[in-house]
Amino acid sequence: MNPDARYDICIVGGGPAGAVTALRLAKLGYRICVVERCVFPRPHVGESLTPGAYPILDVLGLRDSILALELAEPEETRLRWATPNTERLATGQRGIGLMIDRAVFDTVLLQAAEAAGARVFQPAQVRSTNQETDGWNIELAVDGRPYKLNAAFVVDATGRKGFFRRSRRRLSPRTVALCGHLDGRNLPRATLVEAFSDGWCWAAPIPGGLLSTMVFLDPDSIRHLRPGELETLWRSYLAKTGLFADLASAPAVNPPTLCDASAYFDQHPIGQALIRVGEANFALDPLSSTGVEKAMQTGLFAALVLHTTMLRPERAAMCERFYRDRSQEAVAAHIQWSSNFYAAVERFRHHSFWATRAVGAKYRPEGSSSPPVIQSDPISLGTRIRVSDLVRLIEEPCVIDDEIRSHAALLHPSLGRPVAFVEGAGIDDLLRPVSFAADLEGILTAWSREMPPAQARRAAAWMLKNQILEPVAPSS
């Protein structure tokens, strides 16, 4: 095969995960191509832009561009979950919990990657792949015409449907979503969330005067659904609730569609010059509303893993471990959170939908665990402090200056994972000034020579809360 072009990395899929990977790698100077089968802008569900997405946009230099788009900010959140009573939560300041138009958002990200130097093939489809000693030989159909390329690495950003062979494992029972858009001009500009016996509903205003409305169910609930009955079923579930009852008769701008909303993870997110990002790696329960954020985060991590592997081949094994560990940690933390959230709906605990989702441990990835909850008593500045005997220092792969490098990290039973940095400072540098005779005031003074005093206080509070540091027992 004589390829038409050679690239360092070929990214298959141009959604948020693929676009972020491409943008970051292009800015690092690599020859990147993106293969996207759809013409943008394309409609897509998952419109929440959670607070954790903003630091990623800052790294990419895109926060201002995204906030300049037409966005929707719910006025409040109305929640009927643990009890049938409505709980009202304020949304906070602008920039927190915004709703985006995914068609526009995805287009902006992909255009930014292209502007940074990535070659975008769109519309294009992968016809075949063949991995050889010199990399991947890939055959495309670009707008109907054949095109061949070679790449050292491939990034699978193809989402739920995928192209490459996978080894997925479910994180929870299968879930389906009935997703539709209502005319929201005369409807509440609030995020609505309500549990009912067979599932739960979510709605939020999105740009364009629409109200995105979803109903989440077990697949058994739609098993006997006949053609043309989808909207009737969607509205019937809305009508059963308190918060959504008035929405059941509102005009639909886009009729509902049936989507897979199941949570899963791939057991092999990286290996053999292939790395999976976004929902090709894992998909979390829609309860979290963090799909866009997590997709971009995996893209950012993948870009640094690929950059380090190409720059420092001797660190390839370390990079693979880093990516697997970060993926597993995200999944394990989510399982704990979501199972607790489902378990809070005690009034429906005997219903199958809720009972099966409240038991998250059954689906937890091997090797993951949840840290215990630790209570600590307040101490004074004059209290002598020591490092806990349970602390152990190990070497852990970390992101340092755009590379994956080994750095000292601490292990402790209170932590779900090794921690290498606290408030931006290396953990070894923070523990060094702590001696048996040191008091808290002296430790804060030593740390304040290297970081602002406020950060030093936050670092100390975190270590005391997690019992990394502990008061010295008075001598008898």
Worksheet item: To the nearest 10 square angstrom, what accessible area does Arg37 show with a 1.4 Å probe?
Response: 140 Å²
Practice prompt. Return, ordered by residue number, the residues of segment 98-128 whose backbone nitrogen is under 13 Å from a label point located 7 Å along Cα→Cβ of Asn254.
Written response: 100-106
Response to the item:
A student asked for the Cα radius of gyration and Dmax of segment 222-332 in angstrom ought to give 20.3, 62
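Roll a 1.4 Å probe over the protein chains and send me the accessible area per residue for the chain in Å².
47 Å²
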Fill in: Ser221 accessible area, assembled protein chains, probe 1.4 Å, Å²
40 Å²
Practice prompt. With all distinct Cα pairs included, what does the Kirkwood hydrodynamic radius of segment 141-189 come out to in Å, to one decimal, could you say?
Written response: 16.4 Å
Response to the item:
Counting every C-alpha pair in segment 68-134, the percent lying more than 17 Å apart is 68 percent
Fill in: Check: segment 164-271 dipole with +1 on Lys, Arg Cβ and -1 on Asp, Glu Cβ, in debye
420 debye
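With a length cut of 27 Å (Cα positions projected on each helix's long axis) and a Kyte-Doolittle mean of at least -1.0, go through the chain and give me the DSSP H helices that pass.
291-311, 316-343
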Practice prompt. Name all residues of segment 197-218 having a backbone nitrogen under 18 Å from the label point set 7 Å from the Cα of Glu346 along its Cα→Cβ direction, giving them as ranges.
Written response: 197
Worksheet item: Rounded to the nearest 5, what % of the DSSP beta bridges within the chain are antiparallel ones?
Response: 75 percent
Fill in: Candidate lysines for bridging to Lys148, where Cα separation is under 29 Å - those fewer than 8 sequence places away on the same chain excluded
Lys27, Lys161
Practice prompt. Would you work out the relative contact order for segment 8-148, in percent, from Cα pairs under 8 angstrom that are 6 or more residues apart?
Written response: 31 percent
Worksheet item: Using the Cα gyration tensor of segment 382-432, with a ≥ b ≥ c the square roots of its eigenvalues, what is the shape: rounded (a/c below 1.5), prolate (a/b larger than b/c) or oblate (neither)?
Response: prolate
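Please say if the chain is rounded, prolate or oblate, where rounded means a/c under 1.5 for a ≥ b ≥ c the square roots of the C-alpha gyration tensor eigenvalues, and otherwise the choice is prolate for a/b larger than b/c and oblate otherwise?
Details: a/c = 1.88, a/b = 1.17, b/c = 1.61.
The shape class here is oblate.
With each run of n ≥ 4 DSSP H residues scored as -39500 (n - 2.57), what mean residue ellipticity at 222 nm is computed for the chain after dividing by its residue count and rounding to the nearest 500 deg cm²/dmol?
Working: 11 runs with 131 residues, N = 476.
When only DSSP H runs of four or more count, the value is -8500 deg cm²/dmol.
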Worksheet, complete the sentence: Correct response: the longest run of the chain lacking exposed GluC sites (Glu not before Pro), defined by DSSP loop and at most 11 other Cβ within 10 Å, is 71-365
Worksheet entry | Derived scalar couplings ³J(HN,Hα) [segment 188-196; Karplus, 6.51 cos²θ - 1.76 cosθ + 1.60; whole Hz; x for Gly, Pro] | x, 8, 9, 7, 10, 9, 8, 8, 9
Discussion item. How large is the accessible surface of Ile222 in square angstrom, using a 1.4 angstrom probe and rounding to the nearest 10?
Written reply: 30 Å²
Item to complete: Specify which residue in the list Gln131, Ala152, Val176 is farthest towards the positive end of the charge dipole of segment 111-181, using unit charges on the beta carbon of Lys, Arg (+1) and Asp, Glu (-1), about the Cα centre.
Response: Val176
Fill in: the chain, relative contact order in percent, only Cα pairs under 8 angstrom and at least six apart counted
15 percent
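Using a ≥ b ≥ c from the Cα gyration tensor of segment 71-187 (square roots of the eigenvalues), is it rounded, prolate or oblate, where a/c under 1.5 gives rounded and otherwise the larger of a/b and b/c decides, a/b for prolate?
On the way: a/c = 2.85, a/b = 1.97, b/c = 1.45.
Note, shape of segment 71-187 comes out prolate.
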Response to the item:
segment 199-252: Kirkwood hydrodynamic radius (Cα pairs, Å) comes out at 12.0 Å
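The values are calculated or read from the model by the stated rules, or taken from the named source; none is laboratory data. The structure presented is a predicted model; accordingly, all values stated were derived computationally and were not measured. Glycine also receives a Cβ, built like all others from the backbone with ideal geometry; neighbour counts cover every protein chain displayed. Ligands, DNA and RNA are excluded from the accessible area calculation, which covers all protein heavy atoms including side chains. Shrake-Rupley method; radii C 1.70, N 1.55, O 1.52, S 1.80 Å.
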